[in-house]
Amino acid sequence: MAAGLFELRRDAITGWWVATVVDRQFDRRRFALAAAAVDDGAACQNCTQPPGDGIRVRTLKDYAFHVVGAQDEARELERSLAQVAMSQARASGSWRTVVAPPGEHRPLQMIGVSLLCTMLREVRKAFIDAEKLGQTEYLQVVQNWGAQAGARTNHLCLDLYDLPQIPHRVAEEIGGAARYVIREGECPYCRLAREEPRTGTRMIWEDDASVAFAPYASRSPFEVWVVPRRHAADFAGATDADIASTADALRQVLGRLACLDGPPHNLVLHTAPLREHVDATYHWHWEIHPRLREIAGLELGTGLPVNPVSPEEAVEELLRDRPEGGAADRP
């Protein structure tokens, strides 16, 4: 039987399927895309707000999420929240950003490890504070780089969204990881951190604390995960060594992605919810999703991600002929 256009791959954690294109020769020209600058009118607010010379935390919107619904739903909510006025119950969460020092408009892989570590420690502190407050369900950390990836600024920053619900993707991972532990007797992310370096076909970078690899069922071209070797569900519990390793891994991976002309990307942290204890089964990790293509009808119609580049091909391209002493190697 002749090989098909698509190879269906199943994510071992969530159970979701991905259609990976396997019968088309890789053409770098189809995926080389430079991150476009954001038109900010030559006035970067993150350079001046809040005042200061170093890394700062800027609150963009308090009570960023407003719950709306039918009147019956509102009345039901009001009955279930005794002694809480609807005006208070209908808005929650916040949108903040950890901003690099004024004038820092370089991509993440171009900054020094110490600066990135300081930003990541500020993120860790935000988780510790959010867990103590216990007011919302989940703290989502993202970096949007390039206008094509939804960035609103050219300034290097990490956005924090304090959400009133657990994201569906994270909930699927938590449930899938728990089922995996019951079935296999170990955390699936711990197994990935052990097995991906052993097989080597999708590995990009590793040190004693972290591994970076293209997942088997990559949903997008050149998707990369950075997974700590030490098991921990919650980024709030990341050690300084974990953070240093993560910073190095992110710089190394994004430095290699620069071979695609420095593409736009979304960097996303997946970690435990603020109010749930999933220490035995979940495992925090970072995901990098370059934005290199448009979503087509097959994906919209079926919900099945279509990846036009196999993760094995993606890794081969990222590791090809990279000169020593590149941007990601700078201190």
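FYI, it's all coordinate maths here, none of it is from the lab. These numbers come from a predicted model, not from an experiment. Cβ atoms come from the backbone with ideal geometry, glycine included; neighbour counts cover every protein chain shown.
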Sort by residue number and report every cysteine in the chain with no other cysteine beta carbon within a distance under 4.7 Å. Cys117, Cys157, Cys259
When the chain is treated as a Gaussian network with springs between alpha carbons less than 10 Å apart, the largest mean-square fluctuation among Gly41, Gly150, Gly185 is found at Gly41
Among Gln25, Gln143, Gln49, which one moves the most in a GNM of the chain with springs linking Cα atoms closer than 10 Å? Gln25
Mind listing the phi-derived Karplus ³J(HN,Hα) values for the stretch 313-319, rounded to whole Hz, using 6.51, -1.76 and 1.60 with θ = phi - 60°, and x for any glycine or proline? 5, 4, 5, 4, 5, 5, 8
On average over all directions, what projected area in square nanometres does the chain have, based on the convex hull of its Cα atoms? 20.3
What percent do you get for the relative contact order of the stretch 125-263 when only Cα pairs under 8 Å and 6+ apart count? 16
For the chain, what does the relative contact order come out to in percent, with C-alpha contacts under 8 Å and a separation of six or more? 24
Between Leu158, Leu133, Leu33, which gets the highest mean-square fluctuation from a Gaussian network model of the chain, Cα cutoff 10 Å? Leu133
Roughly what would the spin-label model give for Ala147 and Met203, points 7 Å off Cα along C-beta, in nm? 4.1
Treating the beta-carbon of each Lys and Arg as +1 and of each Asp and Glu as -1, no other charges, what is the dipole magnitude of the stretch 21-323 about its Cα centre, to the nearest 20 debye? 280
